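Contents: one structure, followed by commentary.
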Amino acid sequence: MSFNLPTDDARPTSLSTTLATSLTAQLRHAIVSGQLAPGARLSLVQLREEFGVSLSPLREALSRLSSEGLILIEDQRGYRVPPMSEEDQTHVTRMRSEFEIFALREAIAKGDLEWESKVTAALYILNKTERKTKTGFDDWERAHREFHLTLISACRMPLLLQFCSVLHDHSDRYRRVYLIHSEEKANTTEHKAITEAALARKADLACRLLEKHIARAGANARKAVHIAAQKASK
């Protein structure tokens, strides 16, 4: 087992970053990116050898990911990556839409000039980032995630932002199934329209556009999961 990990945000960047935090980030990336396959059982022995760590920080990392729904802890059977299903993807899309729309409305009401500049910068970076490169989708996924979380960052509700971040991980996991088999280019017009409405303080329009954006992406991912399940059953 060998993980292809991003070098900028998956490893410790300061002495204050704990080993468990680093392991959590690395394992999260491996799950979301599909390096750890849906439904795969995880061997603590293998993971210890792969990361060169003791059991204590490894168990802590797996426990944290369990609280995010990215690891299943099964009595007497150890740890497992959650399987994928159309039903779960539908739930993820619905929850993400509800939470993110609420957060966006709050951000539009509370956002200041600094928020506006950060959103503008995040959109610019996203538009300049290629969706698929030789190394995969990591750069685009990172820019896409940063745009959406920056857009709602001014809501001033830390717990809500935490929920949205976790739902993005689940959403990204499903979206990659679609992206792997799709030649469709990134739709920059939707992000641009959402941004323009948000910065113009047109909350109803911005939220409506965001809802359609999330629904469209969810439908694409759900279709891809359905096709993958059909192929696997043959």
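The values are calculated or read from the model by the stated rules, or taken from the named source; none is laboratory data. Here the structure is a predicted model, which means the values were calculated and not measured. Quick reminder, even Gly has a Cβ in these numbers, built from the backbone with ideal geometry, and neighbours come from all protein chains shown.
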Residues that are modelled with pLDDT under 90 and among the hydrophobic types (A, V, I, L, M, F, W, C), drawn from the stretch 173-224 = V177, L179, I180, A186, A224
Subset tally (residues that are in contact with a helix residue (DSSP H, G or I) (Cβ under 8 Å, 6 or more places away or on another chain) and charged (D, E, K, R)) for the stretch 60-87 | 4
Within the bounds of the stretch 140-158, is there any residue that is polar (S, T, N, Q), over 19 Å from R105 (Cβ atoms) and part of a helix (DSSP H, G or I)?
-> no
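Taking the criterion of being in the same structural domain as H181 (by the TED database), assigned to a loop (DSSP other than H, G, I, E, B) and surrounded by fewer than 13 Cβ atoms within 10 Å (Cβ to Cβ), would at least one residue in the stretch 114-123 satisfy it?
Start the filter on the stretch 114-123 by keeping residues that are in the same structural domain as H181 (by the TED database), which leaves 114-123.
Those still in the list that are assigned to a loop (DSSP other than H, G, I, E, B) too: none.
Scanning the stretch 114-123, I find no residue that is in the same structural domain as H181 (by the TED database), assigned to a loop (DSSP other than H, G, I, E, B) and surrounded by fewer than 13 Cβ atoms within 10 Å (Cβ to Cβ), so the answer is no.
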Answer residue from the stretch 181-202, given it is without any contact (Cβ under 8 Å) to a residue 12 or more places away in the chain and assigned to a helix (DSSP H, G or I) and is farthest from the chain's Cα centre (by Cα) among those = E196
Taking the stated definitions as given, is T120 modelled with pLDDT of 95 or more, within 28 Å of S66 (Cβ to Cβ) and of a type in the set (S, T, N, Q)?
-> no
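Picking from R105, R96, R145, R80, which residue would you name as being within 22 Å of R222 (Cβ to Cβ), of a type in the set (K, R) and in contact (Cβ under 8 Å) with a residue 40 or more places away in the chain?
After ruling out the rest, the residue left standing is R96.
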